[in-house]
Amino acid sequence: MIRLRFFVISTVLLSFLSLIGCSGPGPSSSEPVAIAGSKSVLYIANEFARTLNALELASGSNRTAIRGLDPTANDIVRRPHTNEIWVLHSETASILKYSIQTNEEQAPVFLESVDLFLYSTNPNPYSLAFSASGNYYYVTNWLENTIGCYDVNTNIPVNGHLNVGVAPQGIAVLPDGRVVVTNTNYLATQQFGIGSIMVIDSLASEVQNTIQVGVNPQVARVNGNDLYVVCTGNYNDIGGALWHFNATSLAVIGTPIVFSAFVGDLAIGSDSTGGLWGYLPAWSLSTNSVGTVQAVRLDNWVSVGAIQLAGGPSRITMLPDSGFAVSLFESDQIFVRTKAGVGYYFSASDGPKALLAVEKSD
């Protein structure tokens, strides 16, 4: 992939007149922009710089917290009921674990490295999720076509690796402990085919159900008793879709919302109106620097428009104090939109990808 380079100031403040309306550049500064009152700290895995940055939004401080990440940091997840963050690396099939400090320094402390080379040369792990208790974690292995359920104390898979179909990517733990995995079919024409979600038991010993969805299901998210699945669509930038399921019965709810874009992630949260929203970054595959964040009102199940962004929007996360953050992979930036609808750009390092937002304690 050709990496585009943009020479930009470190931060630019944008005011959105409305979600779908016009937006324009506001005041700019070479100093970090502070988002007054924010309690959010963003941990950013930079794929090419191989660093983990800590961006404190209240002050605009953006520190390189960790150097020397393994290549291809594809996911960052916080272990439930702890201050541990785990970074999953696809190229080296490893997990690096850190303890995050909730003081002013926000400096992660290295805990250990876990090697996931077990049953193949490199299973290419894609996504990481925890059980509700935090005692088990699950990893989808994209090249091996498997999922593993691991004990956090031993880092050994409880039942080995379970085959879950071609190229498993997304993963979500349902309220009853079962696990949903997305998989797809990569065709000989180098296009994605129709995929499915597979439901497995909590210890990853058997597949219990398979449900066909759209083209290249890549992301699964659970919110309460609702399951949402994002299908990216194909390389021609059309056919992306958002599916909605009952997380208990796994019955489809409503008609999937279709986008004329290659949507690749989903963040769920509320805004100043009190409604439930879903935000999906969409990266144009024909022009890497162009993209949007598609906005969906989940409680009304309607697509309400898009926020135009440059820089290749890749991953998205909700902030603890509402609003969302998007990694802009091509322009080496992070875009943050507050609950009130005000947008900010922050500089990142080379190739910002996986994101995790945590709340800073007083």
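The values are calculated or read from the model by the stated rules, or taken from the named source; none is laboratory data. All values reported here derive from a predicted model rather than from experimental measurement. As a convention, Cβ positions derive from the backbone with ideal geometry for all residues, glycine included, and neighbour counts pool all protein chains shown. What goes into the accessible areas is simple: the full protein's heavy atoms, side chains included, and nothing from ligands, DNA or RNA. Shrake-Rupley method; radii C 1.70, N 1.55, O 1.52, S 1.80 Å.
Just give me the residues in region 236-283 being open to solvent by 50 Å² or more (accessible area, probe 1.4 Å), closer than 21 Å to S314 by Cα and of a type in the set (V, I, T), in sequence order.
Selection gives I238, V258.
Which residue, of G341, G274, is over 26 Å from G68 (Cα atoms) and without any contact (Cβ under 8 Å) to a residue 24 or more places away in the chain? It would help to see each step written out before you state the result.
Values: G341 fails: without any contact (Cβ under 8 Å) to a residue 24 or more places away in the chain.
So the residue among G341, G274 that is over 26 Å from G68 (Cα atoms) and without any contact (Cβ under 8 Å) to a residue 24 or more places away in the chain is G274.
Filter region 208-232 down to residues that are more than 17 Å from the chain's Cα centre (by Cα) and within 23 Å of M318 (Cα to Cα) and give me whichever is least open to solvent (accessible area, probe 1.4 Å). Let's see the steps before the verdict.
Going through region 208-232, the residues more than 17 Å from the chain's Cα centre (by Cα) turn out to be 208-215, 224-226.
Subset that is within 23 Å of M318 (Cα to Cα): 224-226.
Numbers: G224: 59, N225: 66, D226: 43 Å².
By that ranking, first place goes to D226.
Can we say I20 is open to solvent by 70 Å² or more (accessible area, probe 1.4 Å) and either modelled with pLDDT under 90 or part of a strand (DSSP E or B) (or both)? Even if it seems obvious, please write down each step before you answer.
Details: open to solvent by 70 Å² or more (accessible area, probe 1.4 Å): yes; either modelled with pLDDT under 90 or part of a strand (DSSP E or B) (or both): yes.
Here the answer is yes, as I20 does meet what is asked.
Do any strands (runs of 3 or more DSSP E) entirely within region 34-117 hold 3 or more residues that are polar (S, T, N, Q) and open to solvent by 10 Å² or more (accessible area, probe 1.4 Å), and if so, which? Outline the logic, then answer.
Values: elements: 40-46, 51-56, 61-67, 73-78, 84-89, 94-99, 109-115.
Passing ranges, in order: 61-67.
Residue by residue through region 239-281, note down the ones that are over 21 Å from the mean Cα position of the chain (by Cα) and assigned to a loop (DSSP other than H, G, I, E, B).
Once the filter is applied, which keeps residues that are over 21 Å from the mean Cα position of the chain (by Cα) and assigned to a loop (DSSP other than H, G, I, E, B), region 239-281 yields T248, S249, L250, A251, I253, G254, T255, S272, T273, G274, G275.
Name every residue in region 317-342 that is within 14 Å of A282 (Cβ to Cβ), open to solvent by 10 Å² or more (accessible area, probe 1.4 Å) and among the β-branched types (V, I, T), in order of residue number.
none
Somewhere in region 190-200, is a residue of a type in the set (S, T, N, Q), farther than 17 Å from Y279 by Cα, under 22 Å from the mean Cα position of the chain (by Cα) and open to solvent by 50 Å² or more (accessible area, probe 1.4 Å)? Spell out the reasoning first.
Initial filter on region 190-200 (of a type in the set (S, T, N, Q)): 190-191, 196.
Now drop any that are not farther than 17 Å from Y279 by Cα, which leaves 190-191, 196.
Right, trim to under 22 Å from the mean Cα position of the chain (by Cα) and you get 196.
This time we only want the ones that are open to solvent by 50 Å² or more (accessible area, probe 1.4 Å), so: none.
Among the residues of region 190-200, not one is of a type in the set (S, T, N, Q), farther than 17 Å from Y279 by Cα, under 22 Å from the mean Cα position of the chain (by Cα) and open to solvent by 50 Å² or more (accessible area, probe 1.4 Å), which makes the answer no.
Where residues in region 121-170 are among the hydrophobic types (A, V, I, L, M, F, W, C) and in a loop (DSSP other than H, G, I, E, B), which of them is surrounded by the fewest Cβ atoms within 10 Å (Cβ to Cβ)? Step through it out loud before you land on a result.
The first filter runs over region 121-170 and keeps only residues among the hydrophobic types (A, V, I, L, M, F, W, C), leaving 128-130, 132, 139, 142-143, 147, 149, 152, 156, 158, 162, 164, 166-167.
Retained after the next criterion (residues that are in a loop (DSSP other than H, G, I, E, B)): 132, 142-143, 152, 156, 164, 166-167.
Working: A132: 14, W142: 20, L143: 16, V152: 18, I156: 10, V164: 26, V166: 14, A167: 22.
Across region 121-170, the extreme among qualifying residues is I156.
Cβ-Cβ distance below 6 Å, separation of 6 or more or different chains: which pairs start in region 48-63 with a residue that is over 17 Å from A36 (Cα atoms) and end on one that is acidic (D, E) and open to solvent by 10 Å² or more (accessible area, probe 1.4 Å)?
Going by the 6 Å Cβ cut-off, the qualifying pairs are F48/D350; A49/D350.
Being under 18 Å from S59 (Cβ atoms) and among the β-branched types (V, I, T) is the filter here, so list the residues in region 314-362 that pass it.
Those that are under 18 Å from S59 (Cβ atoms) and among the β-branched types (V, I, T): I334, V336, T338, V342, V358.
Among Y137, Y119, Y126, which is the only one that is under 30 Å from R63 (Cβ atoms) and modelled with pLDDT under 95? Even if it seems obvious, please write down each step before you answer.
Values: Y137 fails: modelled with pLDDT under 95; Y119 fails: under 30 Å from R63 (Cβ atoms).
It is Y126.
Just checking, does region 251-258 include any residue being in contact with a strand residue (DSSP E or B) (Cβ under 6 Å, 6 or more places away or on another chain) and either of a type in the set (F, W, Y) or over 24 Å from T210 (Cα atoms) (or both)?
no
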